[in-house]
Ligand SMILES: NC(=O)c1ccc[n+]([C@@H]2O[C@H](COP(=O)([O-])OP(=O)(O)OC[C@H]3O[C@@H](n4cnc5c(N)ncnc54)[C@H](OP(=O)(O)O)[C@@H]3O)[C@@H](O)[C@H]2O)c1
């Protein structure tokens with residue numbers, strides 16, 4: 001059983017190392033600096049599983065975690081799409097000019113810039129609007145593209161960027177099927193040997209007014225958007241508990257799990273369920289050092305809603321929301337990395353909204 005106050009310290013002891021962050025009598029710890037903060041967000045070597053990684057938010061978040069140092073298993077049903085996304089991510093991390101190690105504490109001596117320009121399939125940009133500045137002195141390039149292992153089961157005779165990068169794995173997984181989930185995790189076990197982070201992201205929508213909604217429209221959304229979060233979450237959490245090294249689970253909810261919208265009874269009920277499931281998981285898994293939080297996005301243009309958002313009605317609707325625009329995928333990154341890393345070590349059972357304040361309304 002783990003100390004209830006600690007979060008994950010998985011994959012090579014990336015947790016607190018005593019070099020910063022302690023309390024002082026004056027309330028100010030002089031050892032806390034840029035390197036400390038980058039260490040807190042560091043995900044080097046951790047193994048992340050992202051469901052629904054073949055498009056949209058999942059593809060983007062898989063890329064973000066990979067760029068943050070994770071080994072990433074990308075899961076979804078469309079194998080070819082997964083391969084295309086993974087290929088793009090492999091190119092991005094291979095092209096990274098600087099992976100920003102945290103070995104040095106002089107925060108002012110250097111301004112290396114991470115300038116990635118890769119895109120994932122279907123025009124979803126892989127975080128390339130983040131021209132992050134590395135302020136650590138003498139930051140060493142840790143060679144994100146240096147891994148040369150092969151991806152189990154995907155060899156085709158020619159070596160792709162993905163195959164030559166053991167940090168990425170694609171697995172087909174229908175989250176509605178227990179056997180498919182277990183088979184996919186068995187492949188992840190074989191390739192990476194552990195699971196430290198799960199992003200429970202796969203989801204569908206089937207908008208229909210309440211009076212007209214069919215059994216299939218209700219059940220299909222609830223199966224994918226709620227039951228599968230339990231199913232995949234259980235598979236990942238069992239591994240994290242067995243590893244006895246903690247972990248972080250991020251369930252992708254929605255602002256529609258809190259606010260209400262016409263035509264979304266199935267989706268809204270499922271996402272509200274995800275939020276309460278998140279709290280239950282957090283309550284029961286805390287003793288094992290596994291943190292479980294929900295991330296609740298507002299509108300982001302993806303396959304799920306692009307047609308609506310680009311319609312005249314959609315544009316008018318979004319313009320009327322408090323932020324006045326849809327989110328940009330890179331605007332999910334801060335919340336994702338906070339919940340996934342030790343920087344969020346004391347955040348558990350929470351719902352983090354990334355919606356530009358869309359639900360605030362106003363008088
Ligand atoms: N976009 C938004 O504005 C927004 C807002 C709030 C919340 N969200 C949530 O964010 C998550 C991602 O949505 P998105 O907008 O990125 O939509 P998207 O582009 O349509 O992506 C959905 C992903 O889920 C996967 N998926 C669907 N059913 C699956 C199944 N049975 N098994 C495995 N994977 C499945 C899809 O992959 P395959 O088809 O290849 O299986 C795809 O990768 C969803 O949970 C959604 O509810 C989105």
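The values are calculated or read from the model by the stated rules, or taken from the named source; none is laboratory data. Since this is a predicted model, take the numbers as computed values, not measurements. Glycine gets a Cβ as well: all are built from the backbone with ideal geometry, and neighbour counts include every protein chain shown.
Residues in the range 289-317 that are more than 22 Å from residue 176 (Cα to Cα) and crowded, with 20+ Cβ neighbours inside 10 Å: 289, 290, 291, 297, 298, 299, 300, 301. Could you identify the single residue in 195, 199, 260, 274 that is under 16 Å from the mean Cα position of the chain (by Cα), over 19 Å from residue 184 (Cβ atoms) and modelled with pLDDT of 95 or more? Among 195, 199, 260, 274, only 274 is under 16 Å from the mean Cα position of the chain (by Cα), over 19 Å from residue 184 (Cβ atoms) and modelled with pLDDT of 95 or more.
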